[in-house]
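See below for the structure under consideration.
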Amino acid sequence: MSRHPLTFQVLAQCKTTKAKCSLMTLPHHVVETPVFMPVGTQGSLKGIIPEQLEQLNCQIMLGNTYHLGNRPGPDLLESCGGLHNFMGWPRNLLTDSGGFQMVSLLDLAEITEEGVKFKSPYDGSECLLTPERSIEIQNAIGADIIMQLDDVVSSTVSGPRVEEAMHRTTRWLDRCLKAHKRPESQNLFPIVQGGLDPKLRTESAKQLMERDVAGFAVGGLSGGEGKDQFWRMVHLSTDLLPNDKPRYLMGVGFATDLVVCCALGCDMFDCVFPTRTARFGCALVDSGQLNLKLKLFGQDFRPIDENCDCSTCQRYTRAYLHTIATIETVACNLITVHNVAYQLRLMRNIRESIMNGTFVEFIFNFMDTMYPKKD
Ligand code: GUN
Ligand code: ZN
């Protein structure tokens, strides 16, 4: 029996690809994988509320340590029994460690062995996010899966900095494991780094696998590198990481990448893309995206997607959404609901095809629809 509050039961393995369908049981709900996890900040998903997420059968979502650490802050979260209670979300939560957001969003961060130093965007004061502090905040938030603080280098950087970051990530993992106060209710995942260098990726995965953890993440990808290198690094990482523990590919959420990376053996994904693009008036469909702000939708009285069963597609037309897209925040909610429904349906279809032994046909159909032949 695992000593971690996570069990991972493989239900079906694709005979051709590395894809598999599993049941991951966490303290607040069971999760069918492969899974896409919508991303919230400030304890709520932008443009959607927890009951809408529950209606869409979302089983796990992301919260953000950095934002939550500032407001409402760990003390308040602790006093109300954690973020699940605070935000009224009874299902699973995963929190990222915060460093990646600092480095990628703020560009003001300085990384030392101690941690990530940055100027607070709230009041300009100097802050230091150490591995210990990140875990302390994540323990107060109380998510079912928490992430180690990692040293992330942009995937377009090469040279000694990539190797330094990979070794530092392992050292920070050990500090995180030591600081973790709630191993009986929260799973701490390490993160494979190593840039686009196969040797460094391999070494990173091997080092992390020597630690007693319930699952693994693959980080540092989908940040501007080419698809060829991106997929190679994923393929190499999943070849090394155990098949009987969940493999979480961080920051990946374009439909094509989800399909390909499921085939490469990843079980969990997250990305701000579907919710962010909704706020710009873009709706996800099987053939790509509809920019509902375009004039041509002003006279289009069809739903976003005739085959979508989401509450938006049941009631509202493209013409209506076009009209309100630029002026009403409610449009943001309506399109966000559809986009999250799209992502979750895509993952459900992937899982069903793996279970039925038809995942390879699924991939061909998906690609034919997404990239139709021009002639
Ligand atoms: N989100 C997307 N990529 C990463 C990564 O490499 N590390 C962390 N902590 N979060 C991420
Ligand atoms: Zn819809």
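Work out the charge dipole of the chain with +1 on the Cβ of Lys and Arg and -1 on the Cβ of Asp and Glu about the Cα centre, then indicate which of 148, 72, 254 is farthest towards its positive end. Of the candidates, 254 comes out farthest on the positive side.
In the chain, helical runs assigned H by DSSP with n ≥ 4 each contribute -39500 (n - 2.57); averaged across all residues and rounded to the nearest 500, the mean residue ellipticity at 222 nm is -12000 deg cm²/dmol. Can you find, among 86, 349, 7, the residue sitting farthest towards the positive end of the charge dipole of the chain, where Lys and Arg contribute +1 and Asp and Glu -1 at Cβ? Most positive-ward Cα: 349.
Against the longest principal axis of the chain, how steep is helix 198-209, in degrees 0 to 90 to the nearest 10, with axes from Cα atoms? For 198-209 against the chain, the angle is about 70 degrees. Calculated FRET efficiency, residue 295 to residue 330, Cβ-Cβ distance, R0 = 22 Å: about 0.55 to the nearest 0.05.
Fewest neighbouring Cβ atoms within 10 Å first, the residues 373, 20 line up as 373, 20.
Let me check against my output: what whole-number percent is the relative contact order of the chain, with C-alpha pairs under 8 Å and at least 6 apart?
On the way: 710 pairs, mean separation 65.2, N = 375.
Relative contact order, the chain: 17 percent.
Comparing 283, 49, 22 along the charge dipole axis of the chain, the residue lying farthest to the positive side is 283, per the Cβ-charge model.
For the chain, give me the percentage of DSSP beta bridges that are antiparallel, rounded to the nearest 5 percent.
Details: 22 of 44 bridges.
DSSP beta bridges in the chain are roughly 50 percent antiparallel.
Once the C-beta distance of residue 369 and residue 75 is scaled by a Förster radius of 51 Å, the resulting FRET efficiency is 0.55 to the nearest 0.05. Normalised by the number of residues in region 50-193, the average gap of Cα pairs under 8 Å and 6 or more apart makes the relative contact order 24 percent. Using C-alpha pairs under 8 Å with a sequence gap of at least 6, the mean separation divided by the residue count of region 241-375 gives a relative contact order of 22 percent. Ordered by the count of other Cβ atoms within 10 Å of each Cβ, fewest first, 89, 231 give 231, 89.
When 15, 119 are sorted by how many other C-beta atoms sit within 10 angstrom of their C-beta, beginning with the fewest, the order is 15, 119. Annotation: amide H-H contacts under 5 Å for residue 19 (H modelled 1.01 Å from N, sequence separation of 5 or more, or interchain): 14, 265.
Would you mind working out the magnitude of the charge dipole of region 132-200 relative to its Cα centre, with +1 at each Lys and Arg C-beta and -1 at each Asp and Glu C-beta, to the nearest 20 Debye? Write down the numbers at each step before the final one.
Numbers: 9 positive and 10 negative charges, 27 e Å.
For region 132-200, the charge dipole is close to 140 debye.
Stretching the chain fully between residue 122 and residue 182 yields a gain of 18.7 nm (0.36 nm per residue, less the alpha carbon separation).
Filter 178/227; 18/373; 20/206; 20/178; 181/206; 245/373 down to the pairs with a C-alpha to C-alpha distance above 30 Å, please. Before the final figure, lay out the partial values.
Numbers: 178/227 36 Å; 18/373 27 Å; 20/206 22 Å; 20/178 32 Å; 181/206 25 Å; 245/373 38 Å.
Distance filter (> 30 Å) returns 178/227; 20/178; 245/373.
Going by average Cβ neighbours within 10 Å, how do the peptides 242-254, 282-294 rank, with the highest at the top? Display every interim value, and only then the final one.
Details: 242-254: 20.7, 282-294: 18.1.
Descending mean neighbour count gives 242-254, 282-294.
Values of log10 I(q)/I(0) for the chain across q = 0.08, 0.09, 0.14 Å⁻¹ run -0.40, -0.51, -1.25, by the Debye formula with one identical scatterer at each alpha carbon and no solvent. FRET efficiency for the pair residue 287 and residue 154, taken as 1/(1 + (r/R0)^6) with r the Cβ-Cβ distance and R0 = 35 Å, rounds to 0.65. Each part reduced to its alpha carbon centroid, region 111-169 and region 228-269 end up 23 Å apart. With the simple spin-label model, which puts each label point 7 Å out from Cα in the Cβ direction, the residue 7 to residue 355 separation comes to 1.8 nm. Ignoring the sites themselves, the chain has its longest run without GluC sites (Glu not before Pro) in a DSSP loop having at most 15 other Cβ atoms within 10 Å at 1-112.
Using the Cα centre of region 273-341 as the reference point, and only Cβ charges (+1 on K/R, -1 on D/E), how large is the resulting charge dipole? Debye, rounded to the nearest 20.
Working: 7 positive and 6 negative charges, 55 e Å.
For this selection, approximately 260 debye.
Read-outs: derived from the displayed coordinates by stated rules, not from any lab. Remember, it's a predicted structure, so these values are computed and weren't measured experimentally. As a convention, Cβ positions derive from the backbone with ideal geometry for all residues, glycine included, and neighbour counts pool all protein chains shown.
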